[in-house]
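Engineer: Dumping the structure here so I can ask a few things about it.
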Amino acid sequence: MTKKPARKARKTGNPARQTAKARPQPTAAAIPLPAVPAAVAPDVVPLTPAGRPDWRVIVRTRRFRAAGGFLALGFVLFAFSQAIPHDYGFLELGGLFTLSVYDLVLAMLGLSVAAAIAETMRQFRAIVLTFLGVLAVMLMFFDSLFALILLTPLGDNLFLVAPSAVILTGASLWLPGRWRQRAVTVSAGLVGFSFALFIGLDDLGVGIVRFAFGAVAEALWVILAPAFLLRQFRGPWLTIPLRIVGSWLVVIGVIVMVSLYLPMKQADAPPLPATGEPLMILPNGEQVPLVLPEDEPEM
């Protein structure tokens, strides 16, 4: 009996396919992903190859345009409100009142710069919500809280609250990262407390609610509008401008505090005219002859 030739144990297959199988397959980490533009990524500042903010990319983003529009809207409304003759309402008077408290407006701008350079949006919200929370609580329960404040040693030194808030805000801008965030949050509460005192002590009767709403809305615009715009360019290059703003606030706060202790100079009385007739000067500056009673004849 003849034996059949033995078959090969396995097929050799296609040499090209075998070569492809022998090659190492790329892992998921080695697969190149499409690059995501820095301008699209949230909370990321586009940079140039030199490591500086890329202005050409930033100004084309939707966030920059929204921040610029929000900042411009406040100036446009203020310009129209002053250019058109009309009767001022309590809401508008509240907004103008905020701008009149210049030292606290400077402190609010300091909070705005600190919020713009915050590392995360959580820290950004902490500064704004602390200011708004203290301000809202003080205004809602102002009469009761103010009566309690007058019973404390602070009641005799309320005039020092506003300059202290300005100094603390400026000093906090000099601190490094984590400590700066904590100090700025505390100063935001102090600025809100001081601003609530200014609003609450302006008793406008039935218009106090609308007046307070206008004042708070204007204060939030002062803090948020510059912060949203500056946040588009945040980075370590803002450290020097941050400290410059902080130095100005400290100096301004010290000047305001010192001026509160200086005695007011009393105005000298205007000299009497050199005339033969005795004259009497009225409060409005008008001069009238002074009629003296005639001597009665002796009996």
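Engineer: If I filter the range 135-148 for residues that are surrounded by 19 or more Cβ atoms within 10 Å (Cβ to Cβ), over 17 Å from SER194 (Cα atoms) and in contact (Cβ under 8 Å) with a residue 12 or more places away in the chain, do I get at least one hit?
Structural biologist: no
Engineer: Going by the structure shown, is VAL191 surrounded by 16 or more Cβ atoms within 10 Å (Cβ to Cβ) and modelled with pLDDT of 90 or more?
Structural biologist: Values: surrounded by 16 or more Cβ atoms within 10 Å (Cβ to Cβ): yes; modelled with pLDDT of 90 or more: yes.
In short, yes.
Engineer: Let me ask something else. In this structure, is VAL222 touching a helix residue (DSSP H, G or I) at 6+ places or on another chain (Cβ under 6 Å), crowded, with 16+ Cβ neighbours inside 10 Å and over 22 Å from PHE70 (Cα atoms)?
Structural biologist: no
Engineer: Considering the range 65-116 alone, what residues qualify as being of a type in the set (Phe, Trp, Tyr) and either surrounded by 12 or more Cβ atoms within 10 Å (Cβ to Cβ) or within 19 Å of the chain's Cα centre (by Cα) (or both)? Steps first, please.
Structural biologist: Taking the range 65-116 as the starting set, the residues that turn out to be of a type in the set (Phe, Trp, Tyr) are 70, 75, 78, 80, 88, 90, 97, 102.
Listed by number, the residues that qualify are PHE70, PHE75, PHE78, PHE90, PHE97, TYR102.
Engineer: While we're on this one: Inside the range 60-79, can you point out the residues that are free of Cβ contacts under 8 Å to residues at least 40 places away in the same chain and charged (D, E, K, R)?
Structural biologist: Matches in the range 60-79: ARG60, ARG62, ARG65.
Engineer: Only residues that are more than 26 Å from ILE255 (Cα to Cα), among the small types (Gly, Ala, Ser) and surrounded by fewer than 21 Cβ atoms within 10 Å (Cβ to Cβ): list them for the range 194-213, please.
Structural biologist: Kept after step one, since they are more than 26 Å from ILE255 (Cα to Cα), are these residues of the range 194-213: 203-213.
Applying the additional criterion that residues be among the small types (Gly, Ala, Ser) yields 205, 207, 212.
Once the filter is applied, which keeps residues that are more than 26 Å from ILE255 (Cα to Cα), among the small types (Gly, Ala, Ser) and surrounded by fewer than 21 Cβ atoms within 10 Å (Cβ to Cβ), the range 194-213 yields GLY205, GLY207.
Engineer: Looking only at the range 94-125, which residues are farther than 23 Å from GLY253 by Cβ and among the small types (Gly, Ala, Ser)?
Structural biologist: Result: GLY94, GLY95.
Engineer: Name every residue in the range 169-185 that is hydrophobic (A, V, I, L, M, F, W, C) and in contact (Cβ under 8 Å) with a residue 40 or more places away in the chain, in order of residue number.
Structural biologist: At the first step, the residues of the range 169-185 found to be hydrophobic (A, V, I, L, M, F, W, C) are 171, 173-175, 179, 183-184.
Once the filter is applied, which keeps residues that are hydrophobic (A, V, I, L, M, F, W, C) and in contact (Cβ under 8 Å) with a residue 40 or more places away in the chain, the range 169-185 yields ALA171, LEU173, TRP174, VAL184.
Engineer: Just give me the residues in the range 164-184 being surrounded by 21 or more Cβ atoms within 10 Å (Cβ to Cβ) and of a type in the set (Ser, Thr, Tyr), in sequence order.
Structural biologist: The answer is THR169, SER172.
The values are calculated or read from the model by the stated rules, or taken from the named source; none is laboratory data. Keep in mind that what you see is a predicted model, and the values were worked out from it rather than measured. Note that each Cβ is placed from the backbone with ideal geometry, even for glycine, and that neighbours are counted across all protein chains shown.
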